[in-house]
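Only the coordinates and a few stated rules stand behind these numbers; no lab work does. None of the values given here were measured: they were computed from a predicted structure. Positions of Cβ are backbone-derived with ideal geometry, glycine not excepted, and every protein chain shown enters the neighbour counts.
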Amino acid sequence: MITAVLPTYNRAPLAFTSGQGSWLTTEDGTRYLDLGAGIAVNALGHANPELVTALTEQAGKLWHVSNLYRIPEQERLAEALVEATFADTVFFTNSGTEAAELAIKMARKYHYDRGAPERTQIIAFEGSFHGRSTGAIAAAGAEKMVKGFGPLMPGFTHLKWADHDALRAAITDQTCAIIIEPIQGEGGIRVVPDQCLKGLRDLCDSTGTLLIFDEVQCGMGRTGRLFAHEWAGVTPDIMMVAKGIGGGFPLGAVLATENAASGMGAGTHGSTYGGNPLACAVGSKVVEIITAPGFLDSVAAKGARFRQGLEGLVAAHPKVFEGVRGEGLMLGLKCLATNTDIVKAGYGAHVLTVPAADNVIRLLPALTITDDDLTEAVKRLDAAATEVGRTL
Ligand SMILES: *Cc1c(COP(=O)(O)O)cnc(C)c1O
């Protein structure tokens, strides 16, 4: 018999009832060190007191009014994001998937309004993940996501990872945009080298193609910069944000330049919930904390420290792990043993990690994780690796 909850998830047999910082507690009081942070969502840890205050203060005033009216909390958050990034304008969504939908619409509308309605083709990359709507699965294209759900939204070209010749050849007079994660998350913490992001920018500039960065997972301070693309010194035309920006409250956004967004006038897009006062009050506090002086440097320092510990772990378990990849606190352990076996062994050692494609386990702790917790993390991962190593 089907479960009351639609059985689309492969869930671990764990249920948590409270959280504090980087720790989650089950009903029976067992504490787990959380290195997944709700898949890079709880960027400032569980029950962060400043976020609790921001949420509860707003909850006592006003939750929702719809976008029929001005929403000062939304304007404040948009202004903070415009101030801190390449963007001139922001649209708020409730998720990364919805951000993908708007990014696609905005890019197509841009060319349509410039007398090039044939420019609808969007180039995406193998191993990417942009969400689960029909548009977002068509964009990513992986068989495991699209099989059985056709006909898919047309207009996507999928290229192999890092095949520069194929990329140049794929750009035609029908190309609308290129969509790419500066660091693939679901795809296995695969970092696009800086020179490739620069090359993409040049290619887009010379062909009039829009560049869309999907920073839903790698953005919001995760790599030690507010957005991952900042390391490469290039900017996109359109960017998708979600996950960390709400610190656990559902919130997403599309950031864009004035030029890229020029076709999106009144009536071209909308959302009932998107950018409501509750979500934006929390989002503003998240942005305020992450952009405060010293915060991003501390993420980079923690990332370097954690990475060093993980390199030691790889050296100590050469049959279990192959190497460490990633940037800042978006790290991946490339496995030789089966990644899901190590994640499961982690449950036994009371440490939570997230599997990804390419036989990688993802480590995406709260950006506020303490040095002591990072030390403890390496210890517990070592215990999990020892357990798995015994069976090899
Ligand atoms: C999670 C994710 C999405 C989808 O976000 P949802 O909030 O789950 O809709 C899109 N792109 C990337 C890179 C993601 O990691």
Worksheet item: Quick one: ILE171, ILE123, fewest Cβ neighbours within 10 Å first, how do they rank?
Response: ILE171, ILE123
Worksheet entry | Long-range amide H partners of LEU336 with built H, under 5 Å | PHE321, GLU322
Worksheet item: Between GLY248, GLY115, GLY309, which gets the highest mean-square fluctuation from a Gaussian network model of the chain, Cα cutoff 10 Å?
Response: GLY115
Response to the item:
Amide H neighbours of ARG119 at under 5 Å, excluding residues fewer than 5 places away on the same chain, with H built from the backbone geometry, are none
Item to complete: Tally the DSSP beta bridges in the chain and give the antiparallel ones as a percent, rounded to 5.
Response: 65
Response to the item:
Rounded to the nearest 5, the percent of antiparallel DSSP beta bridges in the stretch 79-204 equals 20
Worksheet item: How far apart, in nm, are the 7 Å Cα→Cβ label points at LYS198 and VAL52?
Response: 4.7
Discussion item. Helix-only mean residue ellipticity at 222 nm, the chain, DSSP H runs n ≥ 4 weighted -39,500 (n - 2.57), per residue, nearest 500. What is it?
Written reply: -11500 deg cm²/dmol
Worksheet item: Considering amide H positions built from the backbone, and no H for Pro or chain starts, which residues 5 or more places from ALA253, or on another chain, come under 5 Å of its amide H?
Response: THR93, VAL241, ALA242
Fill in: Neighbourhood charge, 12 Å Cβ-Cβ cut-off, centred on ALA261 and excluding it, Lys, Arg +1 and Asp, Glu -1
-2
Worksheet entry | For the stretch 265-282 versus the stretch 1-24, the gap between their alpha-carbon centres in whole angstrom | 29
Discussion item. Using a 7 Å offset from the Cα along the Cα-to-Cβ direction at both ASN259 and THR3, what is the distance between the two label points in nm, to one decimal?
Written reply: 4.9
Worksheet entry | Eligible lysines near LYS334 by straight Cα distance, threshold 28 Å, same-chain separation 8 or greater | LYS144, LYS147, LYS160, LYS198, LYS243, LYS302, LYS319, LYS344, LYS379
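Mind sorting TYR110, TYR347 by how few other Cβ atoms lie within 10 Å of their own Cβ, fewest first?
Numbers: TYR110 24, TYR347 15.
Least crowded to most crowded, the residues run TYR347, TYR110.
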Discussion item. Normalised radius of gyration for the chain, please: alpha carbon Rg relative to 2.2 N^0.38 Å, two decimal places.
Written reply: 0.98
Worksheet item: Using the reciprocal of the averaged 1/r over all distinct C-alpha pairs, how large is the Kirkwood radius of the stretch 123-201 in Å?
Response: 13.1
Response to the item:
Ordered by number, the GluC sites (Glu not before Pro) in the stretch 226-322 that occupy a DSSP loop and have at most 13 other Cβ atoms within 10 Å are GLU258
Worksheet item: How many angstrom lie between the C-alpha centres of the stretch 97-134 and the stretch 41-73?
Response: 30
Discussion item. How far apart, in nanometres, would the label points at ALA300 and LEU392 be if each is projected 7 angstrom from Cα along the Cα-to-Cβ direction?
Written reply: 3.4
Worksheet item: In whole Hz, what ³J(HN,Hα) sequence does the stretch 320-325 give by Karplus (6.51, -1.76, 1.60; θ = phi - 60°), x for Gly and Pro?
Response: 9, 10, 9, x, 10, 9
